[in-house]
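**Student:** One structure, as structure tokens, below. Some questions next.
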Amino acid sequence: MLVDGKWTKDWNPVQKADKDGRFVRQVSGFRNWITPDGAPGRTGTGGFKAEPNRYRLYVAFICPWASRALMARKLKGLEEMIPVTIVNPTLTDEGWSFGGYPGAETDPLFGADFLHQIYTRADGGYTGRATVPVLWDTHQNVMVNNESADILRMFDTAFEHLVPSDYRLYPEDLAPQIDALNTATYEPFNNGVYKAGFASSQQAYDEAVETVFDTLDMLEQRLTAPYLLGDQLTEADIRVFVTLIRFDAAYHGLFKTNWKQIKDYPRLSAYMERILGLPGIQETVNLDHITKGYYSIKALNPNGIVPALPRHVAGLIAG
């Protein structure tokens with residue numbers, strides 16, 4: 001991680017743990033918002049107006065948080081508006097790196113070797129982990145935001161006057177229900193798989209794996225319509241989907257969330273395939289990067305052996 005702008009130690013998946021061995025996720029440090037006119041958003045400062053080709057998105061295909069942003073970018077038709085750079089799926093001793101793997105790209109802005117070098121360009125004294133996604137302003141040469149939940153929201157509305165869309169991912173009339181669902185799924189499920197995988201005590205693992213499957217059971221029972229809130233896809237669906245699509249291929253084995261697989265849930269399986277079938281969404285899912293990336297985590301898989309994809313998962317993409 002970075003300490004006062006200097007890389008200080010090898011990358012470690014356990015960002016922080018509490019006294020009982022529970023995984024604690026780092027809080028995002030850059031929280032500015034792109035808005036239609038450049039006015040300040042919910043947090044941070046103003047000056048980030050929605051304009052074509054002004055911003056660049058850095059992502060990793062393996063990361064579910066980054067995939068939220070990729071999905072929103074695709075669904076909202078922002079591909080021409082916001083170019084993207086894909087980092088290497090294999091985590092190095094200096095974290096995310098550029099190039100060197102099929103589908104990964106070199107850094108087009110600064111020729112950086114590692115993502116942490118982008119962070120120190122944004123803040124020469126930065127302390128913390130260099131995470132994805134990163135939204136960069138090429139006009140001011142500053143980092144706009146590195147919080148996926150914020151990026152998902154700003155992609156939904158900030159560019160709507162420039163690129164009208166058929167989707168509204170956070171419609172005002174559904175906002176309270178979306179917020180409630182996000183709360184019900186984030187800690188126990190989205191973050192819950194990481195709490196299980198990176199637990200450093202039996203108690204922490206047992207707690208986490210139970211919340212993961214309690215949430216899956218709840219979602220399975222809830223899904224009586226095409227999407228979680230009825231006939232309309234919302235950001236709540238995006239947030240659930242990015243964990244579902246990685247579950248059988250990575251979390252079930254590597255993170256030991258192995259009570260069941262998603263294929264054991266008929267409604268959730270159909271729901272996951274329904275979202276995967278939306279125009280452009282398959283392009284945001286790279287199973288090779290996902291499996292290669294997760295199984296490159298030395299603390300969990302020291303021999304670096306990447307298992308074969310479950311056939312039912314491979315068939316989703318191939319089909």
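The values are calculated or read from the model by the stated rules, or taken from the named source; none is laboratory data. Quick caveat: nothing in here was measured; it's all calculated off a predicted structure. Here the Cβ is made from the backbone with ideal geometry for all residues, glycine too, and neighbour counts use every protein chain on show. To get the accessible areas, we keep the full protein, side chains included, count just its heavy atoms, and leave off ligands, DNA and RNA. Shrake-Rupley method; radii C 1.70, N 1.55, O 1.52, S 1.80 Å.
**Student:** Where a ≥ b ≥ c are the square roots of the eigenvalues of the C-alpha gyration tensor, would you call the stretch 148-298 rounded, which needs a/c under 1.5, or, failing that, prolate if a/b is larger than b/c, or oblate?
**Tutor:** Prolate is the answer for the stretch 148-298, as a/c is 1.5 or above and a/b outweighs b/c.
**Student:** For an R0 of 45 angstrom, estimate the FRET efficiency from the Cβ-Cβ distance between ASP10 and GLN232 and round to the nearest 0.05.
**Tutor:** 0.50
**Student:** Oh, and also: At R0 = 35 Å, how high is the FRET efficiency between HIS312 and GLU210 if r is their beta carbon distance? Nearest 0.05 is fine.
**Tutor:** On the way: r = 25 Å, r/R0 = 0.71.
Efficiency at R0 = 35 Å is approximately 0.90.
**Student:** Continuing with this model, one more query. Quantify, in whole percent, the carbon and sulfur part of the accessible surface of the stretch 161-319 (1.4 Å probe; protein heavy atoms only).
**Tutor:** The computed percentage sits at 50.
**Student:** Can you give me the relative contact order of the chain as a percent, contacts being Cα pairs under 8 Å and 6 or more apart?
**Tutor:** Relative CO of the chain lands at 20 percent.
**Student:** Okay, next question. Extension gain GLN221-ARG267, at 0.36 nm per residue separation less the Cα-Cα distance, in nm?
**Tutor:** 15.7 nm
**Student:** Ordered by residue, what ³J(HN,Hα) values in Hz, to whole numbers, does the stretch 131-146 give under the Karplus form 6.51 cos²θ - 1.76 cosθ + 1.60, where θ = phi - 60° and Gly and Pro are x?
**Tutor:** 10, 10, x, 10, 10, 10, 9, 6, 6, 9, 6, 9, 7, 7, 7, 10
**Student:** A further question on this structure: Distance between the C-alpha centers of the stretch 226-305 and the stretch 161-193? Whole Å please.
**Tutor:** 17 Å
**Student:** How would the stretch 46-181 be classified by its alpha-carbon gyration tensor: rounded, prolate or oblate, with rounded meaning a/c under 1.5 and the a/b versus b/c comparison settling the rest?
**Tutor:** Values: a/c = 1.75, a/b = 1.59, b/c = 1.10.
Prolate shape, in that a/c is at least 1.5 and a/b is the bigger ratio.
**Student:** Taking amide H positions as placed in the peptide plane 1.01 Å from N, state which residues far from GLY95 in sequence (5 or more) or on other chains have amide H under 5 Å from it.
**Tutor:** Amide H neighbours of GLY95, under 5 Å, 5+ apart: TRP11.
**Student:** So for the stretch 86-222, taking the charge dipole from beta-carbon charges (+1 Lys/Arg, -1 Asp/Glu), which of PRO188, VAL209, HIS161 sits furthest toward the positive end?
**Tutor:** Selected residue: HIS161.
**Student:** Let me ask you something else. Anything over 26 Å Cα to Cα? Flag those among LYS9/LYS292; LYS6/LYS74; LYS6/LYS76; LYS256/LYS292; LYS49/LYS292, in the order listed.
**Tutor:** Exceeds cut-off: LYS6/LYS74; LYS6/LYS76; LYS49/LYS292.
**Student:** Continuing with the same structure: If you roll a 1.4 Å probe over the heavy atoms of the protein chains, what accessible area per residue do you get for the stretch 138-209, in Å²?
**Tutor:** Details: 2990 Å² over 72 residues.
Heavy-atom SASA per residue in the stretch 138-209 reads 42 Å².
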